[in-house]
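The numbers here are math on the coordinates, done by the rules we state, and not lab data. Computed from a predicted model, the values in this text were never measured in an experiment. For neighbour counting, all protein chains shown are included, and Cβ atoms are generated from backbone atoms with ideal geometry for every residue, glycine included.
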Amino acid sequence: MSVSVIGGPKRESDLKIPGTEVRKIEKDLYEVFIGPQHPGSGHMRIIIRVDGDVIVEADPDMGYVHRTMEKLGEIRQYIKNIPLFERMAIQDACNVTVPYVLALEKILDIEPPQRAKYLRSLLCEINRIAAHLYGFGIFGVFIGHSTMYMWAFADREVMVELAEKLTGARLTHSYPIPGGARRDMPQDFPQAARKAARYMRRRLEEYRKIFLDNPVMKARMEGVGYIPKKLAAELGVVGPVARASGIKYDARYNDPYDAYDEVDFEIPVFEEGDALARAWVKVEEIKQSLRIIEQAVDWLESHTSEAPIHDKFWAKSPPLWKKVFEKEGRVKLLPMMATMKIPPGKAFARGETARGEIVYYVESTGDSIPYRVRIVSPSARNAIVFKYVVPGHRVMDLPTIYGSIDYFPPEADR
Amino acid sequence: MSLVEVLASIVFYPPIYQLVIVGLIVTLGVVIIILWFERKATARVQRRLGPYHVAPKLAGMPQLLADLLRYAFQEIIIPRTVDRGVFITAPIIATVLSILPIAVVPFTSIPDYWPIPMDYSVLVALAISTVSPIFLVLAGWASNNKFSIIGGVREAFIITAYELIAILSILSVSAATLSFNFIDIVNAQMNTAWFIILNPIAFMAAFLAVLMSTSGFPFEIPESENEVVAGPFTEYSGILYGLNMGAAYMKRFAFSIILAVAFLGGWSPLTPGEGILYGYLLPSIVVIIKAFILMMVFSFLRSVYGRYRLDQALQGAWRLVFPMALIGFGIGIIEAYLGLT
Amino acid sequence: MPARPVAKALPKRRGLFEGFKGNIAAISLGVKYLIDPKRFTLIYPNEYIKLDPGYRGFIVLEKKKCINCSSCARICPAAAMKMIKLPEPDPRHPGKTKIKLWPVINYQRCIFCGYCVDVCPTEALYHVPYHDIVYENLAEMDWDLETFTKPPDYPTASEGMPVKYIVDEERGLVKVKAQEGEQ
Amino acid sequence: MVEGLRFMKLSEEMVRVVIEKVKKELGDLVKSVEEGKGYISIKVPLNRLREAAVKLKNMGFDHVKSLTVTDYKKKGVFEVMYMASSYLDEELSRIIVSLTVEIDRNNPRMPSLSDIWTSVEFQEREVYEFFGIHFEGHPDLRPLLLVPDIADLKPLTKDFIVKEEPIFKS
């Protein structure tokens, strides 16, 4: 009989904490620790017990990249939290920070100008594509398809290039700020964005040929990790995982923010609920994101350039501010931004990142630092899939499910 | 007799030539080149450069020599928990056995240059080729590591699936020519057409079986790193790991030579003539080139496919490839009955 | 027009023939890329990307413009920017010194968010459009005021060829040689 | 296509309708219902929390988005908010209700809701490690992200103080 310690050290004093006691496992089961130093696990550990080739129990053990985001959020000024929170998922920096900014704007009771909304949505969609491609790459290499990995990462470079043009940084843009966005669109951006959109559409067709319709890969994905609609709602899974199971939920649709109530796009919903459907959701979402990018670029081009920030932070700014904006398109911040006091209040905001819905709860007591910031990231909510969906699958299905829910440990651990 | 002739007679003494020159030196060269090709071709498909910075003018070819040297001089770490004897000997025996089939395949039709009597050479080659996987399973078991054991078990599953297919599909050639003699098989192909044209289904089955036996994509299941780290080789390091990895490629080369002789006409466009040069060296080069091309095809598949799940691979093997092998065998019999060969 | 959920279905393709067709499509696509890889790899030390002027690279101080307001240090999210106190001859009272605050930056911590550049009331801080600088030890990355006031050396530029990436419809990105002297 | 035409932005009207519905459903369970910024706050007494949760679930709030705990050290309470919403009901999916209870900061115990809302299971584990709140009846209550040594310090309570560096350098 094998004995294993789950969840902590063996010292006598620690055993008082519930959940750290020594457990015995059944004789016929074989316990395999996948991760955290494992080529197929990422920064997490999944403890599986297998009977033959079939997993009977899976226990996700997260927290290897926990960075105390919520605590750090409580000790620093509001604006300083933006670069911090975007480090949860740096491929998805804008999407992750926009809901936080939305929450702040709700407390401040301001609405950013239309141009800022479009700029934010534009970067959000660029980030969404980049993050989906990242997910695709990881998914591909998890089921042994290294070409998918390299292709997705190469094409992600195009999106990163666009984001760099827009914000001046490849990944950690720190782009949205309370009341607006930090830069205006450069002159040559619309043309590059349209070219990139056309290129991406053609590449998606090639992805289909080599990956999604490839009989080998299709066999690996079809019917694996099936989550029925009821179960998906019960587990509270988010994003592509939920939409692949037939749940019509997308924060951009159900609680529209920024420019999403003005642009025309679809929320793809599949009924199949397996890994293949989750991959297809991503493909369809990339297509829709490309449409949003094109529309946003058209809108921005046809409207005159003005500072994409709320008047509260712009009307009283010195002439140098306007000069810099006209010359470089850069929105300078007022020095009061650093120690900005936000009126007392509580706000809850949600936004759709590539991996699903992220929610923020911000509570202010009128000080320059938040009293409480609660973040629930999409991967943290999807982690429950490991416990409830993985058992019953074969060992080789674990990477398929892992890759298909696009679980991203740094985001889940926060 | 001049010195050159003496040397030639030693070097081209069939057992030495086939086992040492072709079996060790050429195989090593082929493995290195094919590894380079595999990395380079995969890189091209994946829009990368592949090996580059070690001599950019040679397209990074010396990278593989550097890797080889690194493996050779790396410290071999033997964990305390392993079964030492088996742990060390298993990869060595597996490597030796995987190149042994080369020693029984004829490279020419001239009896002077046959390493063994050729009457039952097909059977001998197939028999030898089936031994080496057992040592991979042993290596996994001796490692005493969970991932190694899972990998070893997967290897064992795969053996049961591909072995019958490999034997049956290659024997379909024997059925067609009514002979277990490689020489008869090649002669028959030279008289009519190559068996890849006469019996493509059997070739296809044999091709897939070789892919499975050498863990090529899409059947790279025992070593699949996303579940079982490196399968049976998880605990290995240094040259022992290199042997393990190399053994798969050597085995693939040995199988490719068997396939080249059985299906691709052996030394076909060439009729072996008098003397060592025309009778032995050139025909053997033709066979090696054919085997090399076959290996390039095997390697290219890496960039297109991922891997099957274990049960899917087994299902595919038994439900699809095994009937294919049977049909191929049937075609062989029909061809023999019709006197096509 | 707003968003709308649309039910989609997986393309249903089954059977031996479809499987065969899928294999052929995948392999032929692979062969297509084997012949023309369409790659845009940057061969880094030999080539380097000449970044746009808007890029958020290393941050440098123009001492003349600085008004010692410490806004940059206050907004720095990574606590990389700190104010130091330096004595300085007082112009109004000759012979006496007064304490002045100057920003210094620690590049072990800097995350290149550019808040300090954006918040600076006199544009005394600016980004240089490069970021690939190697230091031999960590202490060197903690800049003092003198280092902070001039742009850091950029050895990559002297060794490699400047290139630029432009977005292309056919190949994704295309690497082109950057014009010399172009900003 | 036609489906999309039903789209509308969340209006005050819709929120008011839901508030009325909640008040009717929960009846005397609720202490107060008020509209917050982005959510509807429903305060219930601790001993009737499970009852209220079951009723909310039956109303269609089928999953919990966030289990938010705030430490009010001065008041001596933890405020626990189950922020629930709906996936299957499109009307309710636009609205987030927060089922709020206050529990004693010195004796943080409360019933677990993980058998009502499975989606809250991992978040209850998270709250357990960060605040030390014991959820009675939780099937698998052990630290999720932290190692037990750190979890023992209850890092998200206001007792655990982290200080920012000063902006001056000596």
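For segment C:59-150, what does the convex hull of the Cα positions come to per residue, in cubic angstrom? Each step should come with its number before you reach the end.
Details: hull volume 9.5 nm³, N = 92.
Convex hull of Cα atoms, per residue: 103 Å³.
Given chain D, what percent of its DSSP beta bridges are antiparallel, to the nearest 5? Mind dumping the intermediate values first?
Numbers: 21 of 28 bridges.
If I count the DSSP bridges inside chain D, around 75 percent turn out antiparallel.
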Worksheet entry | Cross-link reach list, aspartates and glutamates versus residue C:177, counting only Cα pairs under 13 Å and skipping chain neighbours closer than eight places | C:47
Worksheet entry | Computed label-point distance, nm, for sites residue B:318 and residue B:5 using a 7 Å Cα→Cβ extension | 6.1
Item to complete: Using Cα centres only, tell me the gap between segment B:152-202 and segment B:77-93 in whole Å.
Response: 35
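Under 1.5 on a/c is rounded, so check that first for segment D:76-170, then, if it is not, pick prolate when a/b is larger than b/c and oblate when it is not; a ≥ b ≥ c are the square roots of the alpha carbon gyration tensor eigenvalues.
Details: a/c = 2.14, a/b = 1.54, b/c = 1.39.
Prolate, because a/c is 1.5 or more and a/b exceeds b/c.
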Practice prompt. Sort A:207, A:371, A:360 so that the residue with the fewest other Cβ atoms within 10 Å of its own Cβ comes first and the one with the most comes last.
Written response: A:371, A:207, A:360
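When the expected Rg is taken as 2.2 N^0.38 Å, what fraction or multiple of it is the alpha-carbon Rg of chain C? Spell out each step's value before the answer.
Numbers: Rg = 26.2 Å, N = 183, 2.2 N^0.38 = 15.9 Å.
Working it through for chain C, the quotient is 1.65.
Would you mind computing Rg(Cα) / (2.2 N^0.38 Å) for segment A:222-287, counting N as its residues? If you can, show how the numbers build up before the last one.
On the way: Rg = 12.1 Å, N = 66, 2.2 N^0.38 = 10.8 Å.
Its radius of gyration relative to the 2.2 N^0.38 Å reference: 1.12.
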Worksheet item: In whole Hz, what ³J(HN,Hα) sequence does segment A:57-74 give by Karplus (6.51, -1.76, 1.60; θ = phi - 60°), x for Gly and Pro?
Response: 8, 10, 10, x, 10, 9, x, 6, 10, 6, 10, 6, 4, 5, 5, 4, x, 7
Fill in: Vicinal HN-Hα couplings computed from phi for segment C:19-25 (Karplus, 6.51 cos²θ - 1.76 cosθ + 1.60; Hz; Gly/Pro x)
x, 4, 5, x, 4, 4, 4
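Translational D (Stokes-Einstein, µm²/s) of chain A at 25 °C and 0.890 mPa s when Rh comes from the Kirkwood sum over C-alpha pairs?
Working: Rh = 22.4 Å.
In µm²/s, the coefficient rounds to 109.
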Worksheet, complete the sentence: For the protein assembly as shown, the Debye formula with one identical point scatterer on each Cα and no solvent gives log10 I(q)/I(0) at q = 0.04, 0.06 Å⁻¹ as -0.26, -0.56
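At a 10 Å Cβ-Cβ cut-off, how would you order A:44, C:141, A:337, fewest neighbours first?
Working: A:44 25, C:141 17, A:337 21.
Ranked by crowding around the Cβ, least crowded first: C:141, A:337, A:44.
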Discussion item. What is the ratio of the Cα radius of gyration of segment B:165-249 to 2.2 N^0.38 Å, with N the residue count, to two decimals?
Written reply: 1.47
Worksheet, complete the sentence: Note on segment D:11-151: C-alpha Rg/Rh, Kirkwood Rh, two decimals, gives 0.97
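Which order do the peptides C:19-27, B:181-189, B:249-257, B:164-172 come out in when sorted by mean C-beta neighbours inside 10 angstrom, highest first?
Order by mean packing, descending: B:249-257, B:164-172, B:181-189, C:19-27.
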Worksheet item: Expressed as a whole number of Å, what is the distance separating the alpha-carbon centroids of segment B:218-246 and segment A:277-352?
Response: 50
Worksheet item: What's the lysine pair count for segment B:3-338 at a Cα cut-off below 27 Å, pairs eight or more apart or interchain?
Response: 5
Response to the item:
Relative to chain A, whose Cα atoms define the longest principal axis, helix A:146-167 and its Cα axis are tilted in degrees, nearest 10, by 20
Worksheet, complete the sentence: Mean other chain Cβ within 10 Å across D:146-152 is 6
Response to the item:
Here segment B:46-62 yields Karplus 3J(HN,Hα) values (6.51, -1.76, 1.60; θ = phi - 60°; whole Hz; Gly and Pro given as x) of 8, 6, 10, 9, x, x, 9, 6, 7, 6, x, 6, 8, 6, x, 4, x
Worksheet item: What number, rounded to the nearest 500 deg cm²/dmol, is the helix-based mean residue ellipticity at 222 nm of the protein assembly as shown, given -39500 (n - 2.57) per DSSP H run of at least four residues and division by all its residues?
Response: -13000 deg cm²/dmol
Worksheet, complete the sentence: Sorted by chain and then number, the residues having a modelled amide H within less than 5 Å of the amide H of residue D:66, at least 5 places away or on another chain, are D:83
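Nearest 0.05, what FRET efficiency do residue A:222 and residue A:31 give at R0 = 30 Å with Cβ-Cβ as r?
On the way: r = 29 Å, r/R0 = 0.96.
My answer for the efficiency is 0.55.
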Worksheet, complete the sentence: Among D:122, D:97, D:112, the residue whose Cα sits farthest towards the positive end of the charge dipole of chain D (+1 at Cβ of Lys and Arg, -1 at Cβ of Asp and Glu, taken about the Cα centre) is D:97
Worksheet item: With axes computed from alpha carbons, what is the tilt in degrees of helix A:275-302 against the longest principal axis of chain A, rounded to the nearest 10 within 0 to 90?
Response: 0
Discussion item. For segment A:107-242, I need the span (max minus min coordinate) of the C-alpha atoms along each principal axis, in Å, sorted largest to smallest.
Written reply: 49, 38, 21
Worksheet item: Relative to a virtual label point 7 Å from the Cα of residue A:229 in the Cα→beta-carbon direction, which members of segment D:43-82 show backbone nitrogen distances below 20 Å?
Response: D:57-64
Fill in: For segment B:3-338, diffusion coefficient by Stokes-Einstein and Kirkwood Rh (Cα), 25 °C, 0.890 mPa s, µm²/s
119
Item to complete: Report the relative contact order of segment D:11-151, percent, no decimals, based on alpha-carbon pairs under 8 angstrom and at least 6 residues apart.
Response: 19
Practice prompt. Sort out for me the Cα centre separation of segment D:106-155 from segment C:62-125, rounded to whole Å.
Written response: 45
Item to complete: List every residue whose amide H lies under 5 Å from the amide H of residue D:37, counting only residues 5 or more places away in sequence or on a different chain, with H placed 1.01 Å from N in the peptide plane.
Response: A:346, A:348
Discussion item. Expected output is a single nm value to one decimal: the length gained when fully extending between residue B:72 and residue B:52, i.e. 0.36 nm times separation in residues minus the C-alpha distance. What is it?
Written reply: 5.0 nm
Worksheet item: Among all the lysines, which ones have a C-alpha under 25 Å from residue C:82's C-alpha, if same-chain residues fewer than 8 places away are not counted?
Response: A:71, A:80, A:332, A:341, C:63, C:64, C:65, C:98, C:100, C:150, D:163, D:169
Fill in: Nearby aspartates and glutamates by direct alpha-carbon distance to residue A:230 (threshold 15 angstrom, same-chain neighbours under 8 apart not counted)
A:271, A:272, A:274, D:62, D:89, D:90
